[in-house]
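Trainee: Have a look at this one.
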Amino acid sequence: MRVIGLMSGTSYDAIDAAAADLRIEDGQLVLTPLGLLSQSYPPELQAELTASLPPATTTLEQVCRLDTGIGQAFAAVAVQAVEQLCGGHADLIVSHGQTAFHWVDEGKVRGTLQLGQPAWIAEATGTAVVSDLRTRDVAAGGQGAPLVSIVDVLWLRGRPGAPVALNLGGIANITVVPAVDDPIAFDTGPANALIDAVVREVTAGELTFDADGVMAGRGQIHPELFDRLLAEPYYARPAPKSTGKELFHLGYLAEAMTGLPPVEPDDLVATVTALTARTVADAVRAHGGTEVIAAGGGIRNPVLMHLLAEELRGVPLLATDELGMPSAAKEAYAFAVLGFLTVNGLGGTVPSCTGARHTSVLGSITPGAGPLPVSPRPKWAPVGLRLDPGVV
């Protein structure tokens, strides 16, 4: 089955589309990459989204406008992906949408909202769309995150020790796959969320992220601010757990700086970059990780990766590319897999990773112009993921 995964993470800087041929063969889920394309959000839409996200207040009119605008933006990328990556035909499109709010109350997720109306994608492409993948897991008592954990578990199961899949997006999350015990996954805390927010603020919007870690590299870690940030109670909560920009935003940082003398812009960036490295490494060590296999935009920040390697104290750190999974496309491929599992009637979650009572078939299906893409339901769920050579 030829499937396109559409993804925009908590950094909301671009919409990624990854296409893959997917099949189940001898108990393995086989993924053949067909390629990736990425498009930035239209500037006006991105500005409207930025102005509406927590801790800002918004209106139902703005929510409706965003749901439509994001859906149309995803549809435009989907049309490109069908033509450029799939030769004009895809069997299924899977859209994560854009997370607008993740409702966490005393450690329990009460709801989660991803915007980007899938009808626009189905109408533009004529292809069925699986969307709204997180809510079913929340309804089953789970965190709704990290949903990519099932892909990590299938892919890394069987590697020696306790491999850890790390995603450095707006929020950092890990999946730990020990040889004997149940896998576990959770958000470790901020990755790019605070870094990007600080860079936008101190450059008055001239820069949106710390390209090549230049600002962090020039700065010095502010010890007192660093200690205050590390005291955040979220880090001590047991997994499964999840978080987002509802917690980690500029207002949160400003509160932590109360009573401190002014901090130089580069020092601020250096401090929140070091915070990401420390909190990820603490989480890896706490769960006995023996290697870290990283993806996400944060791996392109050499200062962050250097700090993380130091904090890991000898635990090997490598990119998913080194194991054949294109790091820039990993999450989009993961959502393609989730949609494939959905139309095959297979669960898309690992309960020990999300905290749900049971695994669930995820998402809602919006029909395309033709019949739904169905195939004979496999007798057994796949027990592993194999990557076939493809376009990477």
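The values are calculated or read from the model by the stated rules, or taken from the named source; none is laboratory data. Treat the numbers as computed from the prediction; the structure is a model and nothing was measured. Every residue, glycine among them, receives a Cβ derived from its backbone with ideal geometry; neighbour counts consider all protein chains shown. Remember, those area values only see protein heavy atoms, side chains included, never the ligands or the DNA or RNA. Shrake-Rupley method; radii C 1.70, N 1.55, O 1.52, S 1.80 Å.
Trainee: Considering only segment 93-136, how many residues are of a type in the set (A, V, I, L, M), part of a strand (DSSP E or B) and open to solvent by less than 60 Å² (accessible area, probe 1.4 Å)?
Mentor: 8
Trainee: Tally time: how many residues in segment 60-85 are in contact (Cβ under 8 Å) with a residue 60 or more places away in the chain and surrounded by fewer than 20 Cβ atoms within 10 Å (Cβ to Cβ)?
Mentor: Qualifying residue count, segment 60-85: 1.
Trainee: Can you tell me which residue is surrounded by the most Cβ atoms within 10 Å (Cβ to Cβ) among those in segment 26-50 that are without any contact (Cβ under 8 Å) to a residue 24 or more places away in the chain and either within 19 Å of the chain's Cα centre (by Cα) or outside any loop (DSSP other than H, G, I, E, B) (or both)?
Mentor: Per the criteria, the residue is E48.
Trainee: Turning to a different aspect of this structure: Is it fair to say V199 is more than 25 Å from A286 (Cβ to Cβ), touching a Phe, Trp or Tyr at 6+ places or on another chain (Cβ under 9 Å) and either at pLDDT 95 or above or surrounded by 14 or more Cβ atoms within 10 Å (Cβ to Cβ) (or both)?
Mentor: yes
Trainee: Pick from segment 204-223 the residues that are touching a helix residue (DSSP H, G or I) at 6+ places or on another chain (Cβ under 8 Å) and closer than 20 Å to Y252 by Cα: which of them is modelled with the lowest pLDDT?
Mentor: Residue satisfying both the conditions and the ranking: T208.
Trainee: Being among the hydrophobic types (A, V, I, L, M, F, W, C) and surrounded by fewer than 24 Cβ atoms within 10 Å (Cβ to Cβ) is the filter; apply it to segment 155-183 and report the residue that is farthest from M305 (Cα to Cα).
Mentor: V180
Trainee: Also: Scan segment 185-196 and tell me whether some residue there is closer than 22 Å to T57 by Cα, modelled with pLDDT under 95, aliphatic (A, V, I, L, M) and crowded, with 24+ Cβ neighbours inside 10 Å.
Mentor: Scanning segment 185-196 turns up at least one residue that is closer than 22 Å to T57 by Cα, modelled with pLDDT under 95, aliphatic (A, V, I, L, M) and crowded, with 24+ Cβ neighbours inside 10 Å.
Trainee: What number goes with the only condition from (1) surrounded by 13 or more Cβ atoms within 10 Å (Cβ to Cβ); (2) under 21 Å from the mean Cα position of the chain (by Cα) that E322 does not pass?
Mentor: (1)
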